[in-house]
1. Tell me, please, whether a residue that is of a type outside the set (Val, Ile, Thr) and either under 25 Å from ARG289 (Cα atoms) or under 20 Å from the mean Cα position of the chain (by Cα) (or both) can be found in the stretch 183-197.
2. Quickly run through the stretch 75-98 and pick out the residues that are assigned to a loop (DSSP other than H, G, I, E, B) and modelled with pLDDT of 90 or more.
3. Give just the number: which of (1) more than 27 Å from ALA158 (Cα to Cα); (2) within 19 Å of the chain's Cα centre (by Cα); (3) modelled with pLDDT of 95 or more does SER234 not satisfy?
4. One residue is enough: does the stretch 223-239 have a residue meeting the conditions under 30 Å from LEU160 (Cβ atoms), acidic (Asp, Glu), surrounded by fewer than 18 Cβ atoms within 10 Å (Cβ to Cβ) and not assigned by TED's automatic domain parsing to the domain that holds ARG119?
5. When you scan the stretch 127-165, how many residues do you find that are hydroxyl-bearing (Ser, Thr, Tyr), within 26 Å of the chain's Cα centre (by Cα) and at pLDDT below 85?
6. Tally the residues that are modelled with pLDDT under 95, under 15 Å from ARG290 (Cα atoms) and among the hydrophobic types (A, V, I, L, M, F, W, C), restricting the search to the stretch 255-274.
Amino acid sequence: MQRFVQLALDFLSAGDAPVVEASPAPVRDSSPPVTAEPMDVVFRQGVWQHPRANRRVQLAGCEVAYEFKRGKRRTIGLSVGQDGLSVRAPRWTPVGEVDSLLHSKSEWVLDKLQRARERSLQLAQARTVWADGATFDWLGRPVRLQLDPTHGFRQAGAELAGADHPADGAAPVPILRLGLSASASEAQIRDAAHAWLMREARRVFEQRLAHFAPLLGVQWRALRLSSAGTRWGSASADGTIRLNWRLVHLSLDMIDYVVVHELSHLRHMDHSPQFWDVVASVMPDHAERRRALRESPLAAGG
């Protein structure tokens, strides 16, 4: 029987993943007091509240209300997401040991909470209100929506005009015309725009897969579009590549990084040094692209 293997690239990938596993051995808080002025001020002003919080702790002068659960596990696990801090512990772990771990990891916890809050703000600011005249990003450049029920579309319900102009400040913004009336609801406009974006995503992804696969000496069998909330893409040992369609909002440099990352997994289904050597063989600047990808919120909301 063939073993099914899949590797995934999360929005926050291995080098920045907000997860810490700690051994259940007692941990003593021997770290010095936090004195870094700019970040310390931010932390002291903050109160971090998880919506399902059932415990609280003071970390570097900051009150952190976190979700705490016990379960069948051997280590204490800390994770930080948009909701805040979550802690998972073995059933037999003393509460004092959990508190000691949190104090010893306070700098890590507060840094991740701050990053999660900043990312949430970025996402809220980037959220598109789907209406006539709205703008959104396509391949890293702005596009403006225009409702045009009388337009004779060559494509299904939508047509992009002006995309051939250079993407600079002097060029006019491309217009995506949608075959909808002025009375169309936000949901109808969003769905029509998303349908066009998904078609564009498949077109662009297939082009980039076809370009990089021969350079990496691999063959991919199928492309699946994903709408996962936490993953940019994944690769399966059977040659199936899954890419988040929302990548089409980002620049081609970042799309290419995800494509190369997933294709490289067809050579090495891990994140070993050999895997990164394969990535670097066609993309020497992969670390910079990976960093830019981590820092870029998805441009479209809803």
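1. Among the residues of the stretch 183-197, at least one is of a type outside the set (Val, Ile, Thr) and either under 25 Å from ARG289 (Cα atoms) or under 20 Å from the mean Cα position of the chain (by Cα) (or both), which makes the answer yes.
2. Selection gives THR75, ARG91, TRP92, THR93, PRO94.
3. Exception for SER234: condition (3).
4. no
5. Selection size over the stretch 127-165: 1.
6. 0
Table: residues versus (1) closer than 30 Å to ALA134 by Cβ; (2) of a type in the set (Val, Ile, Thr); (3) in a helix (DSSP H, G or I).
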| site | (1), (2), (3) |
| --- | --- |
| MET198 | yes, no, yes |
| ARG202 | yes, no, yes |
| PHE205 | yes, no, yes |
| GLN219 | no, no, no |
| LEU223 | yes, no, no |
| TRP232 | yes, no, no |
| HIS271 | no, no, no |
| ARG289 | yes, no, yes |
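The values are calculated or read from the model by the stated rules, or taken from the named source; none is laboratory data. Bear in mind that the values here come from a model prediction, so they are computed numbers and not experimental data. So basically every Cβ, Gly included, is an ideal-geometry build from the backbone, and we count neighbours across all protein chains shown.
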